[in-house]
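Below is one structure, written out as C-alpha cells, with a few remarks after it.
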Amino acid sequence: MLIRAYSPKIITALFGGLFIAAGILTFGNALIFDRLFLGILLFTGFVCRKDINVLGIIIILAAIRVLEEFLWFLFTDQLYNHWISKFVYLVLLFSIYKFWFDKMSKVSLVILLICVLAEIYWVMIGYSVTPAIYWYAALVVLSLLTRHFLFSRIQITEQFTIQTGKSINLDWYIYQITRMYIFIEGLNIFEYILRHVFSLKNMQIIYHIYPYIMQSLATFTLWIVFNEANKLFKEKLIRA
C-alpha cells in the first residue's frame, strides 16, 4: 500500500533525474539530443496511448520537432540564400496574420519588423557577412504553430476521432513554454542586430548561452510532459 502510494512520486523523481542527466550529458551535441527528445516523446506517447489528450499534445510536439529537423537539413546548404529568407519572412507574416488572436503574434510582429529592416539595411550598404537570422524567425513560426495546434487541439480531436477531448494542465504548461521560446528567439535576433548593425561585436551574451537555454527548455518540456502524464495515470489508478 505504501509502495503504491509513493510509486508515482518515485517514478517522477527518477525519470526527472534521468531527463536532466540526459540534457546535461548531451550539451553540445544537438543531434543526439534531438533523437533522444523524439524517442522519449514517442515512448511517453506509447505509454499514454489511451489518453487522447496527452497523446494529442505529444503528437503536436513530435510533429513540430520533426518539421524543425526537416527545415534545418533543407536550409543548411542554402543558409545564406536570400530567396529562402524572403520566403521565411512571408510565412512568418502570414502566421502572424492568421494567429493574430494570440498575444505572442504581436511580439512576433516586432521580431519580423526588426529582421526585415535589418535585411534591407544590409542590402543597402552591401554588407557581405549577413547572419542567417531568418532561421530564428522560422523557429518563431514553429512556436506560433505549436500554440495554434494546442489552442485548437480539442476541436481537432473531436473532428478526426470519435473521442471527446478536454483541456488539461499540460496544454497550459506547453503554451507558456512556447512563449519563452519566442522571447528567447527575439532576444537572440536583437543581439545579432546589435553586432551586425550597430557594430557591437563583443555583444555575445545570448550567442554563447543560447544553445544551453534552448536545450534546458526542451529538457524541461520532456519532464513536464512525463510528469503530467504520470499524474493523470495516477488519477486513473485511484478512480479504478
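Give the residue that is farthest from the chain's Cα centre (by Cα), with candidates limited to residues of the stretch 43-65 that are loosely packed, with under 13 Cβ neighbours inside 10 Å and under 21 Å from Ile156 (Cβ atoms).
Taking the candidates together, the pick is Lys50.
For the stretch 93-109, enumerate the residues that are assigned to a helix (DSSP H, G or I) and surrounded by 12 or more Cβ atoms within 10 Å (Cβ to Cβ).
Leu93, Ser95, Ile96, Lys98, Met104, Ser105, Val107, Ser108, Leu109
Quick one: in the stretch 115-144, which of the residues that are surrounded by fewer than 20 Cβ atoms within 10 Å (Cβ to Cβ) and of a type in the set (Val, Ile, Thr) is farthest from Ile60 (Cα to Cα)?
Out of the qualifying residues, it is Ile125.
In the set Ile52, Ile64, which member is modelled with pLDDT of 75 or more and either among the basic types (Lys, Arg) or under 22 Å from Leu144 (Cβ atoms) (or both)?
Criteria check complete, one pass: Ile64.
Show me the helices (runs of 4 or more DSSP H) found entirely inside the stretch 153-240 where at least 2 residues are farther than 25 Å from Leu117 by Cβ, of a type outside the set (D, E, K, R) and within 13 Å of the chain's Cα centre (by Cα).
169-196, 205-239
Confirm whether Thr76 is touching a residue at least 12 places away in the same chain (Cβ under 8 Å), farther than 25 Å from Leu194 by Cβ and not charged (D, E, K, R).
For Thr76, the condition - touching a residue at least 12 places away in the same chain (Cβ under 8 Å), farther than 25 Å from Leu194 by Cβ and not charged (D, E, K, R) - is not met.
Can you pull out every residue in the stretch 108-154 that is of a type in the set (Gly, Ala, Ser) and touching a Leu at 6+ places or on another chain (Cβ under 7 Å)?
Ser108, Ala132, Ala137, Ala138
What about Gln159, is it surrounded by 18 or more Cβ atoms within 10 Å (Cβ to Cβ) and at pLDDT below 95? Don't jump to the end; show me each part of the working.
Details: surrounded by 18 or more Cβ atoms within 10 Å (Cβ to Cβ): no; at pLDDT below 95: yes.
Judged against the criteria, Gln159 is not a match.
Can you name the residue in the stretch 91-126 that is in contact with a helix residue (DSSP H, G or I) (Cβ under 7 Å, 6 or more places away or on another chain) and hydroxyl-bearing (Ser, Thr, Tyr) and, of all such residues, is farthest from Asn188 (Cα to Cα)?
Ser95
The values are calculated or read from the model by the stated rules, or taken from the named source; none is laboratory data. These numbers were taken from a predicted model, which means no experiment stands behind them. Cβ: placed from backbone, ideal geometry, glycine included. Neighbour counts: every protein chain shown.
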